[in-house]
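I have placed the structure first, in the form of structure tokens, so that the comments after it can refer back to it.
Any read-out appearing in this document is the output of simple, stated calculations on the displayed coordinates, not a laboratory observation. Since the model is a prediction, treat every value here as computed from it, not as a measurement. Here the Cβ positions follow ideal geometry from the backbone for every residue, glycine too, while neighbour counts run over all protein chains shown.
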């Protein structure tokens, strides 16, 4: 990756804009190429993504507009394109952030990029295989005193699915953010440990704001992993600090 040859403090506004434009253009090309690939496999991919609904008894998909099948196919292709281009997207995001850090700190971001990809995909997998099936069952079959036939449009389900996997993918970036803050000295593991109680309430409040659905089970399934990731970040933070102190003593 070619770095911008200047100190970030002295970087003109227009250069910031040009750097951001480069990130957006490269990301758009990556998504476009992935979308073309996704179009060829979109029907098979949607059939797999629709399993949480298809496996439910008494629930069927319906089409309500002539354009819906084509729009669903296009949305699935774009989602596939984003997943395929995920390494490029995350690399571009971090490459844009790099100049804000000191020269000695930038090397650590080369470890952050693959970690970000892994955690994003882990969040998506947790959402798709656990949260979405439970959430759909709760939302479709809880409440309502009158028996009715449950019909779900393909477009509404796909929007529901995209919201979930995107939210969980972003939420699972929490350890990366906390460890980076610890590594550059903005926070310490001791501080995070002392603020556990406030972190718990903050996570619960954040979950209520960003949860794709207002039901309690879904919010708990989001808040639980978030707090677990917070605790894991504390213990990993101790290792990061210990390694940093060891390096300073050696020098």
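Things worth noting here:
- Most fluctuating residue given options 150, 65, 35, as computed from a GNM of the chain linking Cα atoms under 10 Å: 65
- Shape of segment 173-251, Cα gyration tensor, a/c cut at 1.5: prolate
- MRE, 222 nm, helices only [DSSP H, n ≥ 4, -39500 (n - 2.57), over the chain, to nearest 500]: -24000 deg cm²/dmol
- Ascending count of other beta-carbon atoms within 10 Å, so fewest first, for 43, 124, 215: 43, 215, 124
- The slack in the chain from residue 181 to residue 159, taken as 0.36 nm per residue of separation less the alpha-carbon distance, amounts to 4.6 nm.
- FRET efficiency, 1/(1 + (r/R0)^6) with R0 30 Å, evaluated for residue 32 and residue 215 via beta carbons: 0.25
- Most mobile listed residue (220, 119, 228) in the chain, GNM with C-alpha springs under 10 Å: 228
- Burial ordering of 129, 227, fewest other beta-carbon atoms within 10 Å first: 129, 227
- For segment 146-219, the square roots of the Cα gyration tensor eigenvalues, ordered a ≥ b ≥ c, give a/c of at least 1.5 with a/b no greater than b/c, which places it in the oblate category.
- Counted residue by residue at 0.36 nm each, then reduced by the alpha carbon distance between them, the extension gain from residue 14 to residue 56 reaches 9.8 nm.
- Exposure proxy shown here: for 179, 54, the number of other Cβ atoms within 10 Å sets the order, fewest to most, as 54, 179.
- Highest-MSF residue in the chain out of 226, 208, 44 [GNM, Cα springs under 10 Å]: 44
- Semi-axes of the equivalent ellipsoid for segment 108-251, computed as √(5λ) from the eigenvalues of its C-alpha gyration tensor and ordered from largest down, come to 38, 16, 9 Å.
- Estimated FRET transfer efficiency (residue 21, residue 243; beta-carbon r; R0 41 Å; 0.05): 0.65
- Virtual paramagnetic centre 7 Å along Cα→Cβ of residue 115, amide N under 13 Å, in segment 183-217: 183-185
- Full extension of the segment from residue 130 to residue 43, taken as 0.36 nm per residue of separation minus the current Cα-Cα distance, would add 29.0 nm.
- Here the relative contact order of the chain, from alpha carbon pairs under 8 Å that lie six or more residues apart, stands at 20 percent.
- Relative contact order computed over segment 173-251 (Cα-Cα under 8 Å; 6+ residues apart), in percent: 48
- The chain: C-alpha gyration tensor shape, a/c 1.5 cut-off, then a/b vs b/c: oblate
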